[in-house]
1. What are the ³J(HN,Hα) couplings of the range 228-241, residue after residue, when phi is run through the Karplus curve with 6.51, -1.76, 1.60 and θ = phi - 60°? Round to Hz, x for glycine and proline.
2. Could you order Val243, Val6 by accessible surface area, starting with the largest, using a probe radius of 1.4 Å?
3. What are the residues whose amide H is under 5 Å from the amide H of Tyr130, where those residues sit 5 or more places off or on another chain and H is modelled from the backbone?
4. Measure out, as a whole number of angstrom, how far apart the alpha-carbon centroids of the range 12-33 and the range 123-140 sit.
5. Averaging the inverse of every distinct alpha carbon separation and then flipping it gives the Kirkwood radius. What is it for the range 165-264, in angstrom units?
6. In the range 4-257, how does Rg compare with the Kirkwood Rh, expressed as the Rg/Rh ratio over alpha carbon atoms?
7. Counting helices only, and only those DSSP H runs with n ≥ 4, report the 222 nm mean residue ellipticity of the chain as the sum of -39,500 (n - 2.57) divided by its residues, in deg cm²/dmol to the nearest 500.
8. Of Thr228, Val153, Leu268, whose Cα points farthest to the positive end of the dipole of the chain (charges on the beta-carbon: +1 Lys, Arg; -1 Asp, Glu; origin at the Cα centre)?
Amino acid sequence: MSYTLVSFHAHPDDEALLTAGTLARAAAAGHRVVLVVATCGEAGLAATEILAEGPLAKRRSAELERSGQALGCARIEFLGYADSGMADAPSGAEGAFAHADTDEAARRLARILREEEADVLTIYDPAGGYGHPDHIQVHDVGLRAAQLAGTPVVLEATVDRGLLQRALRLVGRLPGIPADLAPDRFAAAYTASQDLTHRVDVRAFARQKRAAMAAHASQASADAGVRTLAVLLRLPGPIFRRVLGREWFVEHGRTPARPLLDDIFASLDADPVRPA
Ligand SMILES: [Zn+2]
């Protein structure tokens, strides 16, 4: 059975960290994978030399195209909103996604979901992961769009908070670790372990995931300090697979149970009355 998966993100590079392995795995299994981003990520940090090369929106759109190719995505769409910037450093841009009308934005996404006859939509957890206003909006808009289009399965792409905090406590003892990786920053971020429904094994797709992350070179650049993406890209293969070889989801309407599901299409396969 072949399905269509639409993965909705706020900025170019979000797809790489949270969902790249799952997308690559779905594409390799013969499913249609469509990537949709709300903004071009033009409010993100980047080194002066990269900013001097031209508009960051254009650069980051091209990086997303390369990432999508590496993952086997069949289609990439931009909803055309402006990057809102972080909560403590808003971009103030006109048309910022975080301030967009939820229904209007949901209609744009729902149009794509209908066109694609999407079976599965990935969004973010209600906290927007670490709380970026555009990420919170991805949750709200994505949920509404799935309602409008009748998309049967909605998965919140997230991270196992307990595991993340334990890992950051270990990593925090190493030199050269960015301050934005302090474990306390993630006390209410992402999803508590007991609320997860899926833990997807993507270790076999580490090569594609690394290629997707590497495609976002502007996100690994900065004038000062070390960027998280740059740290992750420097990890040797076995450690990369260990750290980034699993991706977590919460499926709407599904009661969390152990063991966690490994297959994002499990609900579709289990529902024989659903039309093909
Ligand atoms: Zn983002």
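The values are calculated or read from the model by the stated rules, or taken from the named source; none is laboratory data. Note that this is a predicted model, so its numbers are computed, not measured. We place every Cβ from the backbone using ideal geometry, glycine too, and count neighbours over all the protein chains shown. Keep in mind that these areas ignore ligands, DNA and RNA; they rest on the heavy atoms of the full protein, side chains included. Shrake-Rupley method; radii C 1.70, N 1.55, O 1.52, S 1.80 Å.
1. Values, residue by residue: 4, 4, 5, 4, 5, 5, 7, 5, x, x, x, 6, 4, 4 Hz.
2. Numbers: Val243 75, Val6 0 Å².
Per-residue accessible area, sorted high to low, gives Val243, Val6.
3. Here Tyr190 satisfy the definition.
4. Here the two parts' Cα centres lie 19 Å apart.
5. Details: mean 1/r = 0.0651 Å⁻¹.
Hydrodynamic radius (Kirkwood, Cα pairs) of the range 165-264 is 15.4 Å.
6. Values: Rg = 17.0 Å, Rh = 18.2 Å.
Looking at the range 4-257, the ratio lands at 0.93.
7. On the way: 10 runs with 106 residues, N = 276.
After summing the helix terms and dividing by residue count, I get -11500 deg cm²/dmol.
8. Thr228
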